[in-house]
Amino acid sequence: MRRRGAVRVLALGAAALVVSGLLAACSASDEGGGAARLRGEITFGVLAPLSGDMAERGQDLVDGAQLAAAELNDQGGVLGRQVKLAVEDGGCAPATGEQGATRLAAKSVAGVVGGLCENAAVAAANAVAAEGTPFLVSSARADRLIEAGLPSVFPMEGTVYQEALAAVHWMGYRSAQRVVVLADGSPASQRLSGLVTDRVKADGLTVSRQSAEANRPDLAGLVSTVTAAKADFVYWTGAAEPGGRLVSALRQAGYTGYFMASSESDSPEFLQAAGAAAEDAFLTTAAGPRLLPAAADWAARFKDRFRRDPGRDAMQAYDALRAMAQAVRQAADTAPSKVVDNLPRLEGFTTFTGTLRFAADHSLRYDNYVIAQVRGGTFTLASKLRTD
Amino acid sequence: MRTKPLVAGAVALATAVVVQLYGAGAASAYEPPDSGPSDNSAHGGPAIDDVHNVPTTAVAGNVTFIDNVRGVSGYSALNFINYDKYGYDFMFANGTGGLAVWSLKDPEHPALVSKITAAELRLPGDTQDRFWEGENMTVDPKRKLVFLIRDPRGFGGTVSTGQSGVYIVDVKNPWKPEIVTFHPIPAGHTATCINDCKYLWSVGPANTGTPGQDPSWKGVPVRVTDIHDIKHPYTFDQAVDLGRHDGVTDYVHSVDVDKDGIAWASGEGGVRGYWTEGNHYDPVQKRNRVATAYDPVPYAGGTVVATNPEGTAFFDFFDHNAYHNTEKVGAFDKGELLYITNENITTCSRAGEFKIASLKGSYDGEGWRSTPEDPFRLELISHWSPWGKEGSATTGSCSAHWFTVNGNIVAQGWYGQGTRFIDVSDPRNPTQVGYFRVPSGQGVTGGSASAVYWHNGLVYVADYSRGVDVLRFDGKLAGAPDEKICWNSCDK
């Protein structure tokens, strides 16, 4: 507990610290003495917002990395060396992201994990990549990172396009015939709805696309669209609260087909606004520990150490640090170029959603979007959408 | 039937050797082209050394041997892609040795331009450099992609421990094929492009242990993979063509798309066709609906009665591959006939046959309602084997195997019985009109023909032992010649 307090101090002060993953919880000898056999150290950087509105999620991210480091050390470290973490506050702005990344790069870390806010992560990625340091971006959305085409940067989140694929594939599982895709006026919603519509159309299914204003969606108009199209599958790509009201309005209008919402609706606001009408609704969302049975044991270990349930950021950072360690092991070296070479070809490495592989453009070859379903007023896992 | 000496072939081979030597010389100074190969060589680009085995022992009727090329090994299958920018085709072959690519600038004398060896296809954990083995090889001629389907028995694996899946190979530059990815799929004996290669149907093998398979299944059915985006292939968790053997889910061995776009799944328990695009009446669900690759609409099909008195429970109904003739043949209706390979590895006199069946009576979902108690069977129109026919062997492996159809001439591989040309103008009386068989001899690699392809006036034979033989059929081409040949997918 004392060590966790130290991290909190770091979070408040936004100062740089090097924290031994092993010592973050308790001594090695307390947990089997793994560290006693380790010779030398290997330091990985962790970049997260440790102040401001996102500090709580940032701390979750750091804790996930701490747990991974502790477990790696318990298992003999990496290349026989003790894993240490250098944690930096990357904030959520481009400037803070760049500064945090630059500080980590100056410490000659073997690799960096983390990155939560998109703007900060992109700036940090550019700074880290300039040094050739491998960076597994664990929480920030991948699109802009992929577009940047940085050779040493690998996002561990999916892209908007991959969320569209998840939606289309689930429609396939449900044998959809007449699809209506509804968006609010936000650019993100519009983009996702466009991608889904194009793919559904390519498969020859009947598809209608309708957009409403972002702030005041005309629910009656959207319901009319669904009714007129005789849809059997509706996909909502807009915000959570209007999504909840939309499914409620649809059910009241007698719509009996499938309703699915995008990850924007992965929120209590959706459930609250929908009420009973939320039941059985589907969601395309990024996999988190509360949805994944495979993460249950890990979540228990996390809770045992940190006295709280882990969030998604913790799970992602945990996987990212393990993946980075695996790349170092495969490279048998901490030279950045060698670690980067090994990241796209991790052997037998799995996350809680399955095998981790990267495509040539560094996007996840097999993304982490899953299908959730509302059951008993809460989100449950309907499908991992994976066959591995 | 006219039995020809192989003089023409020998002369042609001499020419080929000259060409190969030229190509080999050019290879040493070769730099991968950005926009295309130079035009100052015989094949539009450099070639690499190849082996040519002259079949001096061959027995042939109405067939001229032209050339033989070896590449990396023997082959189970070939395919072809036309390159507008070069103005000619390239031929792709896969087998235990991996992938080989030949320029067909001179179609009679393929020039080996590149290869991906089995060693280069190894995955972590593999114990052998042996690819298995890509029967019915499929390609995307538009995106210039080759799909190498990996059977779990490859690379030292077994049906229950091996890794199945597909290697996606970019061949935009045929001189420099690049493996884009290996994508694991819980199926992997053959694969076929569906819907203009936006999806891949992967099937087989016959076993009860492939990881990811329902333990109640007797073989691996169709697994559907979305390959719109080859960087992010996605395999659906729900399989297609279930309950195919009188209600039992069993081994699908091959998928072959006809000229109307219907995908025919062949295997244990018969041949069943599916619409994979468009709006069609579903005779099983009794409603009109949109067909997709992952949720196809049944069309017609089934299996035929067993014809082999020494058959087995498995081979009696093992419809290895099929071709749906969309045309009218003889007195049979347009689209009525199904040509089927019934593979049966047994003594030559009883080995698997070529069969012709009528689809009449199968358009209302009968093949999907068949049960052991109330089995549905297609009418068998005829069946044929080389046993006792001119040019045949009496020992060895003799079963029917892969074929293609041009007009009314079926060109088919029969393992040790070589290549057979069968006139099916009268579907009730298939007649041999040509053959080419290569017994082993001094300096001659004996033949084991896997698959035979009509292609632009020539015939290319994928041979498990010899590599690729290039032949010319000298008989009369019965029926209207096909502009595009169809096997797993139609020529594009």
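Scanning the stretch A:332-377 for residues that are over 22 Å from A:Val109 (Cα atoms) and away from chain B (no Cβ under 14 Å) yields A:Thr351, A:Phe352, A:Ala372, A:Gln373, A:Val374, A:Arg375, A:Gly376, A:Gly377. Of the listed requirements (1) under 30 Å from A:Gly354 (Cα atoms); (2) more than 19 Å from the chain's Cα centre (by Cα), B:Val252 misses just one: (2).
Quick one: which strands (runs of 3 or more DSSP E) lie wholly within the stretch B:337-391 and hold at least 1 residues that are farther than 15 Å from B:Phe318 by Cα and either open to solvent by 50 Å² or more (accessible area, probe 1.4 Å) or of a type in the set (Gly, Ala, Ser) (or both)?
On the way: elements: B:337-342, B:354-358, B:377-384.
By residue number, B:354-358, B:377-384.
Kindly establish whether A:Leu136 is surrounded by 24 or more Cβ atoms within 10 Å (Cβ to Cβ) and touching a Pro at 6+ places or on another chain (Cβ under 6 Å). It is false that A:Leu136 is surrounded by 24 or more Cβ atoms within 10 Å (Cβ to Cβ) and touching a Pro at 6+ places or on another chain (Cβ under 6 Å).
Could you tell me which of the residues B:Asp67, B:Asp89 is within 20 Å of B:Gly413 (Cβ to Cβ), part of a strand (DSSP E or B) and either open to solvent by 10 Å² or more (accessible area, probe 1.4 Å) or modelled with pLDDT of 95 or more (or both)? So that I can check it myself, show each step before the final result.
On the way: B:Asp89 fails: within 20 Å of B:Gly413 (Cβ to Cβ).
Going through B:Asp67, B:Asp89 in turn, just one is within 20 Å of B:Gly413 (Cβ to Cβ), part of a strand (DSSP E or B) and either open to solvent by 10 Å² or more (accessible area, probe 1.4 Å) or modelled with pLDDT of 95 or more (or both): B:Asp67.
Considered as a group, the residues in the stretch A:148-164 that are open to solvent by less than 10 Å² (accessible area, probe 1.4 Å) and at the interface with chain B (Cβ under 10 Å from one of its Cβ atoms) include one that is nearest to B:Arg287 (Cα to Cα), and that residue is A:Gln162.
I'd like the full set of residues that are aliphatic (A, V, I, L, M) and more than 12 Å from chain B (Cβ to nearest Cβ), limited to the stretch A:378-388. The answer is A:Leu381, and nothing else. Scanning the stretch A:253-281 for residues that are touching a strand residue (DSSP E or B) at 6+ places or on another chain (Cβ under 8 Å), crowded, with 24+ Cβ neighbours inside 10 Å and closer than 30 Å to A:Asp319 by Cα yields A:Met260, A:Ala261, A:Ser262, A:Ser265, A:Phe270, A:Ala281.
Residue by residue, here is whether (1) open to solvent by 10 Å² or more (accessible area, probe 1.4 Å); (2) in contact with a Cys (Cβ under 6 Å, 6 or more places away or on another chain); (3) within 14 Å of chain A (Cβ to nearest Cβ) holds:
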position	(1), (2), (3)
B:Pro177	yes, no, no
B:Ala187	no, no, yes
B:Thr190	no, no, no
B:Asn195	yes, no, yes
B:Pro205	no, no, no
B:Val224	no, no, yes
B:His232	yes, no, yes
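Results for (1) among the hydrophobic types (A, V, I, L, M, F, W, C); (2) under 21 Å from A:Phe358 (Cα atoms); (3) not assigned by TED's automatic domain parsing to the domain that holds A:Gly58, shown as yes or no for each residue.
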residue: A:Val109; (1), (2), (3): yes, no, no
residue: A:Asn119; (1), (2), (3): no, no, no
residue: A:Asp143; (1), (2), (3): no, yes, no
residue: A:Gly149; (1), (2), (3): no, yes, no
residue: A:Val168; (1), (2), (3): yes, no, yes
residue: A:Gln190; (1), (2), (3): no, no, yes
residue: A:Leu195; (1), (2), (3): yes, no, yes
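Yes/no matrix, rows are residues, columns are (1) outside any loop (DSSP other than H, G, I, E, B); (2) out of contact with any strand residue (DSSP E or B) (no Cβ under 8 Å at 6 or more places or on another chain); (3) buried (at least 19 other Cβ atoms within 10 Å of the Cβ):
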position	(1), (2), (3)
B:Thr394	no, yes, no
B:Ser399	no, no, yes
B:Arg420	yes, no, yes
B:Asp426	no, yes, no
B:Val452	yes, no, yes
B:Tyr460	yes, no, yes
B:Leu477	no, no, no
B:Ala480	no, yes, no
B:Lys492	no, no, no
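For the stretch A:197-217: of the residues being within 14 Å of chain B (Cβ to nearest Cβ) and open to solvent by 70 Å² or more (accessible area, probe 1.4 Å), which is farthest from A:Arg174 (Cα to Cα)? I'd like the intermediate steps shown before the answer.
Here is the first cut: in the stretch A:197-217, the ones within 14 Å of chain B (Cβ to nearest Cβ) are A:198-207.
So of that shortlist, the ones also open to solvent by 70 Å² or more (accessible area, probe 1.4 Å) come out as A:198, A:201, A:206.
On the way: A:Asp198: 18, A:Lys201: 16, A:Thr206: 15 Å.
Filtering the stretch A:197-217 for residues that are within 14 Å of chain B (Cβ to nearest Cβ) and open to solvent by 70 Å² or more (accessible area, probe 1.4 Å), the one farthest from A:Arg174 (Cα to Cα) comes out as A:Asp198.
I'd like to check which helices (runs of 4 or more DSSP H) are fully inside the stretch A:257-345 and have at least 3 residues that are among the small types (Gly, Ala, Ser). If you could, list the steps in order and put the result at the bottom.
Values: elements: A:268-274, A:296-306, A:312-331, A:336-342.
Correct list: A:296-306, A:312-331.
For the stretch A:223-231, the count of residues that are open to solvent by less than 30 Å² (accessible area, probe 1.4 Å) and either in a loop (DSSP other than H, G, I, E, B) or touching an Asp or Glu at 6+ places or on another chain (Cβ under 7 Å) (or both) is at least one.
Could you identify the single residue in B:Leu99, B:Leu112, B:Leu78 that is at pLDDT 95 or above, within 25 Å of B:Asp474 (Cα to Cα) and open to solvent by less than 10 Å² (accessible area, probe 1.4 Å)? Reasoning before the result, please.
Details: B:Leu99 fails: within 25 Å of B:Asp474 (Cα to Cα); B:Leu112 fails: within 25 Å of B:Asp474 (Cα to Cα).
When all the criteria are applied, what remains is B:Leu78.
Screening B:Asn325 with (1) within 11 Å of B:Leu359 (Cβ to Cβ); (2) touching a helix residue (DSSP H, G or I) at 6+ places or on another chain (Cβ under 7 Å) gives one miss only, at (2). Does A:Ala220 fit the bill of being over 26 Å from B:Pro296 (Cα atoms) and either within 14 Å of chain B (Cβ to nearest Cβ) or within 26 Å of the chain's Cα centre (by Cα) (or both)? No, not satisfied. For the stretch B:277-284, the criterion of being under 27 Å from B:Val139 (Cβ atoms), surrounded by 24 or more Cβ atoms within 10 Å (Cβ to Cβ) and modelled with pLDDT of 95 or more is met by none of the residues. Under the condition of being assigned to a loop (DSSP other than H, G, I, E, B), at pLDDT 95 or above and not charged (D, E, K, R), which residue from the stretch A:173-196 is surrounded by the most Cβ atoms within 10 Å (Cβ to Cβ)? Across the stretch A:173-196, the extreme among qualifying residues is A:Ala176.
The values are calculated or read from the model by the stated rules, or taken from the named source; none is laboratory data. In this text, all values refer to a predicted model and were calculated from it rather than measured experimentally. Don't worry about glycine lacking a Cβ; one is built from the backbone with ideal geometry, like all the others, and counts go over all protein chains shown. The area values use the complete protein model at the heavy-atom level, side chains included, leaving out ligands, DNA and RNA. Shrake-Rupley method; radii C 1.70, N 1.55, O 1.52, S 1.80 Å.
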